[in-house]
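K.L.:
One structure is given below, represented as structure tokens, and several questions about it will come after.
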Amino acid sequence: MILGETGSGKELVAQELHKLSHRTDKFIPINCPEIDKELLSSELFGHVKGAFTSAVQSRKGLFVAAGQGTIFLDEIGELELTVQSKLLRVLEDHRVRPIGANESEVVNARILMATNRNLEQACQEKSFRVDLYHRMKGLTLNLPPLRERKIDLPLLVHHFVNAYGQEHDVKLKIPDGALDCLFNYDWPGNVRELRAVIWKAAVLC
């Protein structure tokens, strides 16, 4: 489980974990709030033909389709309680039963999860399952906000400037005093906001 504020780079951390894992299949990111609530269970767990009105053919869920790859569930704190229950079963048994199926299927993918919510508080408010939370937090990475790691600013700024230069085939230089201005700001939008500011400056140049 990767914890951090919005824009702090949780998905980038997940991608690096996947790259370093030597897993043979692909990295599949899933932004939980973006998927229609009525389709979420089908997307994650799959379904068999005829399981519901629009199920004209069977479909593998993303947990199984990921094979030996990595599933990244972003904003896990936004899942509905019914889906949380099914996810707990996947984490406990490494198996998933598609909607309408009699048999379960093995899940081989690595599962990474991220949230910017306080899940302990969510558990107290009964919007997140306590048993799922305790199962998830066995290995937790806390990603600090950019304001708490400003020492990374020069590295990040040079990275974004170089990335823009390579994409648009231009050579850009960071002017004297620019980093001082960046250090004097707390970056509520974190790394995502920093990237947007650097790219806007590059465009204006």
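K.L.:
Looking at (1) on the phi > 0 side of the Ramachandran plot; (2) surrounded by fewer than 20 Cβ atoms within 10 Å (Cβ to Cβ), find the lone condition where ARG59 falls short.
P.N.:
Single failed check for ARG59: (1).
K.L.:
With respect to GLN166, determine if the residue is over 19 Å from ASN31 (Cα atoms), free of Cβ contacts under 8 Å to residues at least 40 places away in the same chain and not assigned by TED's automatic domain parsing to the domain that holds GLU193.
P.N.:
no
K.L.:
Consider THR53 carefully, then state whether it is surrounded by fewer than 17 Cβ atoms within 10 Å (Cβ to Cβ), hydroxyl-bearing (Ser, Thr, Tyr) and assigned to a helix (DSSP H, G or I).
P.N.:
When the stated conditions are applied, THR53 does not pass them.
K.L.:
Would you point out which residue out of GLN121, GLN68 is closer than 23 Å to ARG23 by Cα and either of a type in the set (S, T, N, Q) or part of a helix (DSSP H, G or I) (or both)?
P.N.:
From the options GLN121, GLN68, the qualifying one is GLN68.
K.L.:
Give the number of residues within the stretch 121-145 that are of a type in the set (A, V, I, L, M), under 16 Å from the mean Cα position of the chain (by Cα) and either surrounded by 11 or more Cβ atoms within 10 Å (Cβ to Cβ) or farther than 21 Å from ALA14 by Cβ (or both).
P.N.:
Residues in the stretch 121-145 being of a type in the set (A, V, I, L, M), under 16 Å from the mean Cα position of the chain (by Cα) and either surrounded by 11 or more Cβ atoms within 10 Å (Cβ to Cβ) or farther than 21 Å from ALA14 by Cβ (or both): 3 in total.
K.L.:
Additional query: So for the stretch 133-153 (the condition being out of contact with any Lys or Arg (no Cβ under 9 Å at 6 or more places or on another chain), in a loop (DSSP other than H, G, I, E, B) and among the acidic types (Asp, Glu)), does at least one residue qualify?
P.N.:
no
K.L.:
Tell me, which residue of the stretch 139-163 that is touching a residue at least 60 places away in the same chain (Cβ under 8 Å) and not aliphatic (A, V, I, L, M) is nearest to ILE198 (Cα to Cα)? Spell out how you get there, then give the answer.
P.N.:
Here is the first cut: in the stretch 139-163, the residues touching a residue at least 60 places away in the same chain (Cβ under 8 Å) are 139-146.
In the following step, the residues that additionally are not aliphatic (A, V, I, L, M) were identified as 140, 142, 144-145.
Values: THR140: 31, ASN142: 25, PRO144: 21, PRO145: 18 Å.
The qualifying residue nearest to ILE198 (Cα to Cα) is PRO145.
K.L.:
Here's a follow-up. Scan the stretch 183-205 residue by residue and report those that are under 27 Å from the mean Cα position of the chain (by Cα) and either charged (D, E, K, R) or in a helix (DSSP H, G or I) (or both).
P.N.:
The answer is ASP186, ASN190, VAL191, ARG192, GLU193, LEU194, ARG195, ALA196, VAL197, ILE198, TRP199, LYS200.
K.L.:
Being hydroxyl-bearing (Ser, Thr, Tyr) and touching a helix residue (DSSP H, G or I) at 6+ places or on another chain (Cβ under 8 Å) is the filter; apply it to the stretch 25-73 and report the residue that is modelled with the highest pLDDT. Break it down into steps so the answer makes sense when it comes.
P.N.:
Initial filter on the stretch 25-73 (hydroxyl-bearing (Ser, Thr, Tyr)): 41-42, 53-54, 58, 70.
Imposing the further condition that a residue be touching a helix residue (DSSP H, G or I) at 6+ places or on another chain (Cβ under 8 Å) reduces the set to 41, 70.
Details: SER41: 80, THR70: 95.
By that ranking, first place goes to THR70.
K.L.:
Continuing with the same structure: Please go through the stretch 86-101 and give me each residue that is touching a helix residue (DSSP H, G or I) at 6+ places or on another chain (Cβ under 8 Å) and either under 23 Å from THR6 (Cα atoms) or in a helix (DSSP H, G or I) (or both), ordered by number.
P.N.:
LYS86, LEU87, LEU88, VAL90, LEU91, GLU92
K.L.:
Checking the structure you have, find out if any residue of the stretch 16-25 is surrounded by 15 or more Cβ atoms within 10 Å (Cβ to Cβ) and part of a loop (DSSP other than H, G, I, E, B).
P.N.:
yes
K.L.:
Next question, about the same structure. Taking the condition of being assigned to a helix (DSSP H, G or I) and either small (Gly, Ala, Ser) or loosely packed, with under 14 Cβ neighbours inside 10 Å (or both), how many residues in the stretch 161-182 meet it?
P.N.:
Going through the stretch 161-182 one residue at a time, the tally reaches 9.
The values are calculated or read from the model by the stated rules, or taken from the named source; none is laboratory data. Small disclaimer: the values here were computed from a predicted structure and weren't measured. Positions of Cβ are generated from backbone atoms using ideal geometry, with glycine treated the same way; all protein chains shown enter the neighbour counts.
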